[in-house]
Amino acid sequence: MKMLVAGKWIDRDRKIEVLFPYDGSVVDTVPVAEEEDVERALESAVEGAQLMRNLSAYERSTILKRTADLIRQNEAKFTDTIVMEVGKTVKEARAEVVRTAELFELCSEEAKRIHGETIPFDSLKGSEHKTGYFVREPAGVVVAITPFNVPLALCAHKIGPAIAAGNAVIVKPASKTPLSTLLLGETLLEAGLPPQALSVLTGPGGGVGMKLVRDRRVRVVSFTGSVGVGEEIAKNAGLKKILMELGSNSPVIITKSADLQKAVKAVVSGGYSIAGQVCISVQRVYVQREVFSEFVELLLKAVKELKVGDPKLETTDMGPVIDEQNAQRIVEWFDEAIQAGAKLATGGRRNYTLVEPTVLLEVPGKTKIMREELFGPGVAVNSFETLQEAIDEANSTRYGLQASIFTSDLFEAFEAIRKLQFGGVLINEGTRYRADFMPYGGYKDSGIGREGMRFAIEELTELKTVVFETGR
Ligand code: NAP
């Protein structure tokens, strides 16, 4: 595919190969953007931002609604593209496409609800003869840098609110999975977005991405990806707003009063969907001693039933991880835990990029799987005595995206809500649950700012305060 620079499809001699993670075959190539492409995208975005801020809310909403409709019309094409570039199963890829159309529809609705408030100036002595209000105005040029694992929907989480708020956007998708983002660019133009307002630049993050991050014309960098790259961006962005959706190591607490069947379902879907390559994947499970054996038995039965294999088949439940290097790393982390004393209950091996769904039991706290982000199909299950102990363990990480508790005791639930240091706490639902309109983002090293239409729009707008003198 070519890349999209200010409404034009541009090719370059230097290419990046996009590989099918299941067998390493070449799916397509994309060009590596050159200095002049980055410059053109930026110049055009400045112009695009002016055009966008002059569109009415109704016009922006209509473009977003048309985008949703066009995505639905092209569901099969988007689905196939995601299967091939990410290695997601057909079922997972189709769900991402359906979700992306819904996302644009939500953005279309939210575009009509961007407003300010009046300010009670007379509450301050000496300001009795003043009145005023604040409004939200577009930030201007937004740079969106996105990861490989959810290439379409996570892009939509940035582009949709940016357009709803009246901004221009330059997207730098992950080099492993740029194809569905380019298709989305084509769709947005077809839906009537002014071409100056969107570029999708392909090329390495450290080169193309970093040039965009450093440029002073950019007002907001909205990044989703790993903590290390997030820190690099923060160091280089200078005086602009940075929004960060970063990694995690999500815990699930299961008390003796929990519905174990429900908890098992959530752990399996949260731990192994997209081969565990989700920022809110279930990675650590803490089960109260009294129900530990029963839970493990139910979990192992469900995990062993997962059909692992070719993601193109409708019958496959879990496909490969993104590349062999990551498959190797994931298995090494399992081995490290086993050497430290964990018990391997199932899985633990790999065949090229297919990693077996793995369950480790009683894993020591100092191991990587308990501390860092695995981004692979493995879950560590440990036992606990008291809820306080489980909460302390759950909090013992530098991450804080989402955490869950399964319990039928209301007081336990509220204790967990109060004490868990995470951006989202879910009761009787797995950590992987996310409704796209809810405020979503992390505490601690998991991020800065919130996504979810209304909240992303707040981040992507500036407040302008207006004050009137009303009397003497
Ligand atoms: P990544 O390696 O951090 O890459 C993310 C994006 O940043 C890619 O587009 C990458 O480009 C670009 N990039 C790399 N170095 C850069 C630099 N120096 N300056 C600017 N941009 C740079 O992450 P990933 O492996 O694709 O994705 C997995 C990570 O994303 C995990 O940590 C996961 O938890 C996180 N994630 C978080 C959320 C959330 O909502 N919190 C959601 C999904 C994923 P290249 O591809 O060209 O290197």
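The values are calculated or read from the model by the stated rules, or taken from the named source; none is laboratory data. Note that the coordinates shown come from a computational prediction; the quantities given were computed from them, not determined experimentally. Neighbour counts run over all protein chains shown; Cβ positions are idealised from the backbone, glycine included. Areas reflect the complete protein model, heavy atoms only, side chains present, ligands, DNA and RNA absent. Shrake-Rupley method; radii C 1.70, N 1.55, O 1.52, S 1.80 Å.
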*When Val291 is evaluated against the numbered criteria (1) within 16 Å of the ligand (Cβ to nearest atom); (2) in a helix (DSSP H, G or I), which criterion, by number, is the only one it fails?*
(1)
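For every residue, the table says whether it meets (1) in a strand (DSSP E or B); (2) touching a residue at least 40 places away in the same chain (Cβ under 8 Å); (3) touching a Ser or Thr at 6+ places or on another chain (Cβ under 7 Å).
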site	(1), (2), (3)
Asp28	yes, yes, no
Asp37	no, yes, no
Leu51	no, yes, no
Ser61	no, yes, yes
Thr81	no, yes, yes
Glu85	no, yes, yes
Arg99	no, yes, no
*Could you list, in sequence order, the residues of the stretch 161-206 that are open to solvent by 10 Å² or more (accessible area, probe 1.4 Å), of a type in the set (A, V, I, L, M, F, W, C) and over 27 Å from Ile322 (Cα atoms)?*
Leu189
*asked:* So, in the stretch 216-232, exactly how many residues are small (Gly, Ala, Ser) and in a loop (DSSP other than H, G, I, E, B)?
replied: 2
*Within the stretch 30-59, how many residues are surrounded by 16 or more Cβ atoms within 10 Å (Cβ to Cβ) and touching a Lys or Arg at 6+ places or on another chain (Cβ under 9 Å)?*
13
*Pairs, please: C-beta under 8 Å, at least 6 apart or cross-chain, first residue assigned to a strand (DSSP E or B) and in the stretch 116-140, second modelled with pLDDT under 95 and of a type in the set (Val, Ile, Thr)?*
Lys130/Thr470; Thr131/Thr470
*Test each condition in (1) within 15 Å of the ligand (Cβ to nearest atom); (2) open to solvent by 20 Å² or more (accessible area, probe 1.4 Å); (3) within 27 Å of Ile369 (Cα to Cα) for Gly230 and report the one that comes out false.*
(2)
*Filter the stretch 247-266 down to residues that are within 23 Å of the chain's Cα centre (by Cα) and either closer than 26 Å to Thr146 by Cα or among the hydroxyl-bearing types (Ser, Thr, Tyr) (or both) and give me whichever is farthest from the ligand (Cβ to nearest atom).*
Pro251
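Please tell me if Ala162 is part of a helix (DSSP H, G or I) and more than 24 Å from Val86 (Cα to Cα). Don't jump to the end; show me each part of the working.
Working: part of a helix (DSSP H, G or I): yes; more than 24 Å from Val86 (Cα to Cα): yes.
So Ala162 passes the test.
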*Taking the stretch 381-412 on its own, how many of its residues are surrounded by 20 or more Cβ atoms within 10 Å (Cβ to Cβ) and in a loop (DSSP other than H, G, I, E, B)?*
5
_Take the conditions open to solvent by less than 20 Å² (accessible area, probe 1.4 Å), under 21 Å from Phe295 (Cβ atoms) and in the same structural domain as Ala275 (by TED's automatic domain parsing) and apply them to Val359. Does it pass?_
yes
*When you go through Ala144, Ala156 one by one, which is the residue that is within 25 Å of Tyr272 (Cα to Cα), open to solvent by less than 10 Å² (accessible area, probe 1.4 Å) and not in a loop (DSSP other than H, G, I, E, B)?*
Ala156
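Hey, among Ser408, Ser404, Ser396, which residue is under 23 Å from Val229 (Cα atoms), touching a residue at least 12 places away in the same chain (Cβ under 8 Å) and out of contact with any Lys or Arg (no Cβ under 7 Å at 6 or more places or on another chain)? Can you show your working first?
On the way: Ser408 fails: under 23 Å from Val229 (Cα atoms); Ser404 fails: under 23 Å from Val229 (Cα atoms).
One residue alone meets the criteria, Ser396.
Across the stretch 237-246, which residue is farthest from the ligand (Cβ to nearest atom) among those that are of a type outside the set (A, V, I, L, M) and surrounded by 14 or more Cβ atoms within 10 Å (Cβ to Cβ)?
Pass one, the stretch 237-246, residues of a type outside the set (A, V, I, L, M): 238, 240-241, 245.
The next check asks that each one be surrounded by 14 or more Cβ atoms within 10 Å (Cβ to Cβ); those that pass are 240-241, 245.
Values: Lys240: 14, Lys241: 16, Glu245: 3 Å.
Looking at residues that are of a type outside the set (A, V, I, L, M) and surrounded by 14 or more Cβ atoms within 10 Å (Cβ to Cβ), I get Lys241.
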*Has the stretch 305-319 got any residue that is outside the structural domain of Phe78 (by TED's automatic domain parsing), of a type in the set (A, V, I, L, M), more than 16 Å from the ligand (Cβ to nearest atom) and not in a strand (DSSP E or B)?*
yes
*Can you tell me which residues in the stretch 238-283 are assigned to a loop (DSSP other than H, G, I, E, B) and polar (S, T, N, Q)?*
Ser248, Asn249, Thr255, Ser257, Gln277, Ser281
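Go through the stretch 234-264 residue by residue and tally those that are over 30 Å from Gly209 (Cα atoms) and either in contact with a His (Cβ under 6 Å, 6 or more places away or on another chain) or among the small types (Gly, Ala, Ser) (or both).
We begin by selecting, within the stretch 234-264, every residue over 30 Å from Gly209 (Cα atoms); these are 251-264.
With either in contact with a His (Cβ under 6 Å, 6 or more places away or on another chain) or among the small types (Gly, Ala, Ser) (or both) added as a condition, the list becomes 257-258, 263.
Number of matching residues: 3.
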*Tell me which residues, restricted to the stretch 444-459, are open to solvent by 60 Å² or more (accessible area, probe 1.4 Å) and either more than 15 Å from the ligand (Cβ to nearest atom) or modelled with pLDDT under 95 (or both).*
Arg454, Glu458
*Tally time: how many residues in the stretch 248-280 are in contact with a helix residue (DSSP H, G or I) (Cβ under 6 Å, 6 or more places away or on another chain) and small (Gly, Ala, Ser)?*
1
*In the stretch 207-226, residue farthest from the ligand (Cβ to nearest atom) [restricted to those that are buried (at least 20 other Cβ atoms within 10 Å of the Cβ) and among the aliphatic types (A, V, I, L, M)]*: Val220
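Residues are listed down the side, and each one gets a yes or a no for (1) more than 20 Å from Gln388 (Cα to Cα); (2) open to solvent by 60 Å² or more (accessible area, probe 1.4 Å); (3) in a strand (DSSP E or B):
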site	(1), (2), (3)
Val425	no, no, yes
Gly442	yes, no, no
Glu462	yes, yes, yes
Val466	yes, no, yes
